[in-house]
Amino acid sequence: MESQSIITSFFLIFSGAAVLASVVLYTRQPLLVAYIALGAILGPYGLHLVTDAHLLSEIAEIGIIFLLFLLGLDMQPRNLVHMLRKATVVAIGSSIIFAACGYTIALMFGYTQTESVVIGVAMMFSSTIIGIKLLPTTVLHHRHTGELVVGLLLLQDLIAIIVLLMLGGKESESTWQQFLQTLIMLPVLVLVAFATVKYVIVKLLQHFDRFHEYIFLLAIGWCLGVAQLAELFGLSLEIGAFIGGISVATSPISQYIAVHLKPLRDFFLILFFFSLGASFNLGLLSEVILASSVLAICILIIKPITFRYLLGFIKEPADQSWEVGFRLGQISEFSLLIAFLATSTAIIGTNASHVIQATAIITFILNSYIVIFRFPSPIAVSDKLRRD
């Protein structure tokens, strides 16, 4: 894409988002609706004004990386380890239930066994972006809820990596070798990150803490550097960014970094939601809308109930369990990646892929409505519920 077309695309996206966001706020709707709707209107399947949605999606992934980095900055390592230990049973048990639900519904609508398995697997995960973007991270009495949400999302991310490796195994005989490499490299990455922070990053921050621009640059470089290292180790960019963030969390400068990177994160997340709307082929909507709607309604109902009772099993309070369930009551951007990879390797057809995509969009939007009108969030329409 030429530089001029990038500028034009950004003009259309952010000017259009500003206009639609104004309408959405006046009508008391979630801002995410404006971004996704704008993508559908301006994208390749709408007015064809922004055509390279794939490039925008790649740019928008930086927003996800910053989101996970900032999330790590708000987490204390000791608390996280304890939460991951508690949440493992919940993550595995809930994944099995959601996969079985998606598989059964897909079979009912006539999809093949293989397509039904992939659709079922895609239902297992909840959105890191939605879950964390709508979660207040600076309010003390929501901190435990945040730890539960983060612990479950991280475990789901690890399961998603395994699924992606298995899907890639259709073209590669080294799938299990990659899987073992991932299990080995995760603790290696954690050790490298914490050692580098202790012996390099913290000393640099202490020496140059008067130069705010330097702190900003070092934080961005560290975030993207650990994310890139994670990818080289066979992990995801998002997990690398989170490890980069949590490795700095014990530093006194962590909150300063968190505050100053938020606008940059929001810039890229707008592009992510735009690209989500732009990548959906509206011409296939009539063919998949019924199956997608049934799947979406099932997910919106079953996920909160499942998390409520599984979290209750590990002695979490009922009110927090319900809140966690509703905050995780959608499918994931990993589901979209699974749909893309399974289609590109001819494991599933285009129709099945669009069922997953449509289900993701429906659950993203409807779940956002549920959360911002019922629970505290940074983008709540009500002043009473708005928390950052």
Yes/no for VAL117 being among the β-branched types (Val, Ile, Thr), under 15 Å from LEU153 (Cα atoms) and free of Cβ contacts under 8 Å to residues at least 40 places away in the same chain: no
Residues satisfying the stated conditions in the stretch 281-306, i.e. at pLDDT 95 or above and over 11 Å from THR359 (Cα atoms): ILE301, ILE302, LYS303, PRO304, ILE305, THR306
Residues of the stretch 83-129 that turn out to be surrounded by fewer than 17 Cβ atoms within 10 Å (Cβ to Cβ) and outside any helix (DSSP H, G or I), as a count: 2
Boolean, VAL149 is at pLDDT 90 or above and either part of a helix (DSSP H, G or I) or over 24 Å from ILE338 (Cβ atoms) (or both): no
Index of the failed condition, GLN330 passing every other in (1) in contact with a Pro (Cβ under 8 Å, 6 or more places away or on another chain); (2) surrounded by 23 or more Cβ atoms within 10 Å (Cβ to Cβ): (1)
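The values are calculated or read from the model by the stated rules, or taken from the named source; none is laboratory data. Computed from a prediction, not measured in an experiment: that's the story for all the values here. Positions of Cβ are backbone-derived with ideal geometry, glycine not excepted, and every protein chain shown enters the neighbour counts.
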